[in-house]
Amino acid sequence: MLYRSHLFVPGGRKELLEKASGFAADVLCLDLEESVLPEEKPHARELVKEAIPRLAEAGRRVHVRVNSMQSGETKDDLAAAVQAGLSGAVLAKTESAAAVRQVDVLLREQELAHDVRPGTVDLIVAIESAGGLLRCEEISHASTRLTGLMLGGEDFAFDMGIRRTKDSHELTHARSVIAVCARAAGMQAFDTPWAHIDDIDGLIAEAEQARALGFSGKYVIHPKHIEPVHEAFSPSEEEIIYARKVLEAWEDAQAKGLGAVQLDGHMVDRPIAERAKHIVDQAEAIAATAVAAATSNGAGANGGAVVSGGASADQ
Ligand code: COA
Ligand code: MG
């Protein structure tokens, strides 16, 4: 499945929850954490609870971001959100493997209470501190329902006492660790949101940097960041054409009993062919998603076509 863009929708904003189905993000992530003030949490939970089945019925993949295990709010967040139609939960400020195991238990309790098959709800955990980053490896093996690691860049920078810059070089180490831990555990890594709403070039540069380090997608805070992020995390036409040629050359090589051949001045061997296969699979998943969008109920707010969750590919 495609997980290139995850649009944060503030859980306390009814009008945003209503228009969210019109945006073409691969995932809609309804937020109960930072975008909701403490006194507004109970109201936001009610709104999110109502919004999930509506968005899922509209064919959208819906996640909820819940407050950290340290906050004391996680159980109430999950009690409101878990139901048929919720695909995943994002645990904020994940500090330890123990916290992941606790949230796994809470998710299971809520699945049982809401007639959802245990294990259905995926879990993505946000790494947002120096301690979380140090324990990233054990965190990423703490639950079978884990599907991804997310970098929470703003909180991480705050915890480290470092100044954020627009080229985000200060996050390179954290990004590398998160990407490696995610891949080593068979998961995906998702990048922190870009906060500069109108600086699309900066967004693209940051997304490309994350992709180059092994990330498969990025959280976004504004609908106009969705398309640039899709582009950054999708293979280009050129890459797809070349990948198809590589696969042909590799098939040919295998038929001739060769482990390496030359293509246009470059060597092709098994890992290069496997990467090419991955690119072609991704391109096919993206094309299938576009077809599903074209046959669903048309364009949404800001002209973003609605995407159904039908396509599948391991990013
Ligand atoms: N989800 C759904 N709709 C959104 C949206 C979002 N995250 N961000 C903006 N929109 C909508 C707006 O309501 C507006 O709709 P309209 O044209 O029908 O009025 C349209 O997109 C354009 O928005 P714009 O006027 O440019 O921005 P804004 O000032 O309304 O909102 C933010 C700016 C930052 C407040 C808003 O984007 C937001 O709340 N983002 C998410 C913040 C968040 O979740 N933070 C925590 C995670 S880091
Ligand atoms: Mg954060």
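GNM, the chain, Cα, under 10 Å: largest mean-square fluctuation among ASP281, ASP269, ASP191?
Highest fluctuation of the listed residues: ASP269.
Report the accessible area of LYS14, computed with a 1.4 Å probe over the heavy atoms of all protein chains in place, in Å² rounded to the nearest 10.
100
Helix 41-57 sits at what angle to the longest principal axis of the chain, using alpha carbons and giving 0 to 90 degrees rounded to 10?
For helix 41-57, the angle is close to 40 degrees.
Whole angstrom only: what separates the Cα centroid of segment 107-128 from the Cα centroid of segment 214-287?
If we compute the Cα centre of each part, the gap is 33 Å.
Too long at a 18 Å Cα-Cα cut-off: which of LYS19/LYS41; LYS19/LYS49; LYS14/LYS49; LYS166/LYS218? Walk me through the numbers before you get to the answer.
Numbers: LYS19/LYS41 20 Å; LYS19/LYS49 16 Å; LYS14/LYS49 11 Å; LYS166/LYS218 16 Å.
LYS19/LYS41, as the Cα separations exceed 18 Å there.
Which percent of the accessible heavy-atom area of the chain goes to carbon and sulfur, probe 1.4 angstrom?
Numbers: 7670 of 14310 Å².
It is 54 percent, rounded to a whole number.
Kindly report the accessible area of the chain per residue (heavy atoms of protein chains, probe 1.4 Å, no ligands, DNA or RNA), in Å².
Details: 14310 Å² over 315 residues.
I get 45 Å² per residue for the chain.
If I build a Gaussian network model for the chain, linking alpha-carbon pairs within less than 10 angstrom, which residue out of ILE204, ILE52, ILE127 has the largest mean-square fluctuation?
Of ILE204, ILE52, ILE127, the Gaussian network model singles out ILE204 as fluctuating most.
Specify the residue with the greatest mean-square fluctuation among LEU247, LEU263, LEU17, computed from a Gaussian network of the chain linking alpha-carbon atoms under 10 Å apart.
Greatest mean-square fluctuation among the candidates belongs to LEU263.
Excluding residues fewer than 8 places away in the same chain, name every one of the lysines whose C-alpha is closer than 21 Å to that of LYS256.
The qualifying lysines are LYS245, LYS277.
With everything on Cα atoms, drop me the angle between helix 270-295 and the longest principal axis of the chain, reported from 0 to 90° to the nearest 10.
Compared with the principal axis, the helix lies near 50 degrees.
With θ set to phi - 60° and the Karplus curve 6.51 cos²θ - 1.76 cosθ + 1.60, what are the ³J(HN,Hα) couplings of segment 122-127 in order, to the nearest whole Hz, using x for Gly and Pro?
In residue order, the calculated couplings are 5, 10, 10, 10, 9, 9 Hz.
FRET efficiency for HIS196 and ARG163, Cβ-Cβ distance as r, R0 = 22 Å, nearest 0.05?
0.90
Roughly what % of DSSP beta bridges within segment 55-159 run antiparallel, to the nearest 5? Before the final figure, lay out each step's value.
Numbers: 0 of 14 bridges.
So the antiparallel bridges in segment 55-159 amount to around 0 percent.
Between helix 200-213 and the chain, what is the angle of the helix's C-alpha long axis to the longest principal axis, kept within 0 to 90° and rounded to the nearest 10?
70
Let me understand the chain better: what is its radius of gyration from the alpha carbons, and its Dmax, in angstrom?
Computed over the Cα atoms of the chain, radius of gyration and Dmax are 20.0, 69 Å.
The values are calculated or read from the model by the stated rules, or taken from the named source; none is laboratory data. Please read all numbers here as calculations on a predicted model, not as lab measurements. Cβ: placed from backbone, ideal geometry, glycine included. Neighbour counts: every protein chain shown. For accessibility, only protein heavy atoms count, side chains too; no ligands or nucleic acids. Shrake-Rupley method; radii C 1.70, N 1.55, O 1.52, S 1.80 Å.
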